[in-house]
Amino acid sequence: MTTMKKNMFPPGLVNNLQDVLSKKGANKNEQKQQKDDDSTETSTSSSSTAGNENDSSKPVVLVTNGEGVDSLGLVYLVQALVGLGLYNVNVCAPHSDKSASGHSLTVRETITVTQAEIEGATAYEVTGTTVDCVSLALSGALFSWTKPLLVISGINRGSSCGHHMFHSGVIAGAREALISGVPSLSISLNWKREESQESDFKDAVAVSLPLINAALRDIEKGVFPKSCFLSIEIPTSPKANKGFKLTKQSMWRSTPCWQAVLANRNPSAPHFMGNQQSLGLQLAQLGRDASAAGAARRGTTPRKNEEVESVGAAKSDNKAKKYFRLEFLDKEREATDDELDFKALGNGF
């Protein structure tokens, strides 16, 4: 195991991690036998758990995330936790993708909660942010309990290293639990578009479970840290990871890039335009506005079903509208302290 420098984690958690890693040296036959045994146990416990998902005798674990209740990272994680048969697994997650929503709460608006179908778990999807989900779940207004043993936020598609933790919805879910006095951890997979596959989420779950179990043991012993939550970053190839390493938060961030786009009903397919093209579209729109104003003076009434869509900069109530879209560009990372989060992650830890 990587040598641990002085850190704020209690010896219990570090010892648990060391215990987990020491078992990685077992021979392949032992690993195969354990895998077969686990599969049998999982099959048995899954069938029994499905009918006892609200078993009050089991400790409560709450799962949320930033990418929505249907995201593979959450689905595979919940399936694994249910399969253990040790916990009363509950889910409260956003209805849609709320990544990069940070620690935002929904105020002065009503959110909708709908029951979600996840076998073996009590699950709800919420039309709000990840922080809304955790805050609501811990309030006692939705579930019959108010304090789970552990809150797990993840598994997120993409790293939350460095300054990304301030934007990250998955980090915010764990942070909200910490603020509320509940032990928590977040999990992110360093997803790369050209390399990663959906099956990597299953591998990420397998890598995460020993850490989750170690944290739960420490919580039950009363030695899990109360002044922080645990942020788990999983490398791009989870199976090929080099082990666990306690790191320091870096100052790294991607470069934000704002681009002018056409007014488009499909925000996932933006059209970028230059200044000259944008000016031409604005002039064209002014011509449409003038024609519409002339029709209004003549007393003509447009048909009720008629719809006019503007592009570029549109005028409404004498106020011009412009449209922009944010993209994050990866920038080259300097070779610095090996103990920094992104450096250790890039090195396969």
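The values are calculated or read from the model by the stated rules, or taken from the named source; none is laboratory data. Keep in mind that this is a model prediction, so the values were computed, not measured. In this analysis, Cβ positions are derived from the backbone assuming ideal geometry, glycine residues included, and neighbour counts consider all displayed protein chains. The protein model used for the area step is the full one, side chains on, heavy atoms only, and it has no ligands, DNA or RNA in it. Shrake-Rupley method; radii C 1.70, N 1.55, O 1.52, S 1.80 Å.
Under unit Cβ charges (Lys, Arg +1; Asp, Glu -1), what dipole magnitude, rounded to 20 debye, does segment 60-251 have relative to its Cα centre? Kindly include the intermediate steps, with their values, before the conclusion.
Values: 15 positive and 17 negative charges, 152 e Å.
It works out to roughly 720 debye.
Summarising the label geometry, the points placed 7 Å from Cα in the beta-carbon direction at Ser180 and Ser104 lie 2.0 nm from one another.
Percent of Cα-Cα pairs per 10 Å bin, from 0 to the last occupied bin, for segment 60-251, please list those. Bins of 10 Å from zero give 10, 41, 38, 11, 1 percent of pairs. Using 16 Å as the cut-off for backbone N distance, which residues of segment 152-187 belong to the label zone defined by a point 7 Å from the Cα of Asp97 along Cα→Cβ? Counting backbone N atoms under 16 Å from the label point, the list is 155-160, 168-170. In order along segment 112-118, phi translates into HN-Hα couplings of 10, 10, 10, 5, 10, 9, 10 Hz, rounded to whole numbers, per the Karplus curve 6.51 cos²θ - 1.76 cosθ + 1.60 with θ = phi - 60° and x for Gly and Pro.
All alpha carbon pair distances within segment 167-242 were sorted into 10 Å bins beginning at 0; the resulting P(r) in whole percents reads 18, 44, 30, 8, 0.
In whole percent, and with a 1.4 Å probe on the protein chains, what portion of the accessible area of segment 164-236 is carbon and sulfur? Don't skip to the end; give the middle numbers.
On the way: 1560 of 3010 Å².
Looking at segment 164-236 in its full context, I get 52 percent from C and S.
If R0 is 41 Å, what FRET efficiency do you get for Asn318 and Gln259 from their C-beta distance, rounded to 0.05? About 0.95, to the nearest 0.05.
Just so you know, the Rg over Rh for segment 210-262 is 1.17, from Cα atoms, with Rh as the Kirkwood radius. Computed packing ranks the peptides 149-156, 243-250, 57-64 as 149-156, 57-64, 243-250, most packed first, by mean other Cβ atoms within 10 Å. Over all projection directions, the Cα-based convex hull of segment 128-191 averages an area of 4.3 nm².
Computed from the alpha carbon positions, the gyration tensor of segment 70-172 leads to an equivalent ellipsoid with semi-axes of 21, 18, 12 Å, biggest first.
What is the calculated FRET efficiency for Lys242 to Trp145, with r their C-beta to C-beta distance and R₀ = 41 Å, to the nearest 0.05?
Working: r = 38 Å, r/R0 = 0.93.
Efficiency at R0 = 41 Å is approximately 0.60.
Tally the DSSP beta bridges in segment 60-251 and give the antiparallel ones as a percent, rounded to 5. Walk me through the intermediate numbers first.
On the way: 4 of 27 bridges.
Antiparallel bridges: around 15 percent, rounded to the nearest 5.
Using the average count of surrounding beta-carbon atoms within 10 Å as a protection proxy, the listed peptides 88-96, 102-110, 115-123, 202-210 rank, highest first, as 88-96, 202-210, 115-123, 102-110.
Packing-based ranking of 138-146, 65-73 yields 65-73, 138-146, ordered from highest to lowest mean Cβ neighbour count within 10 Å.
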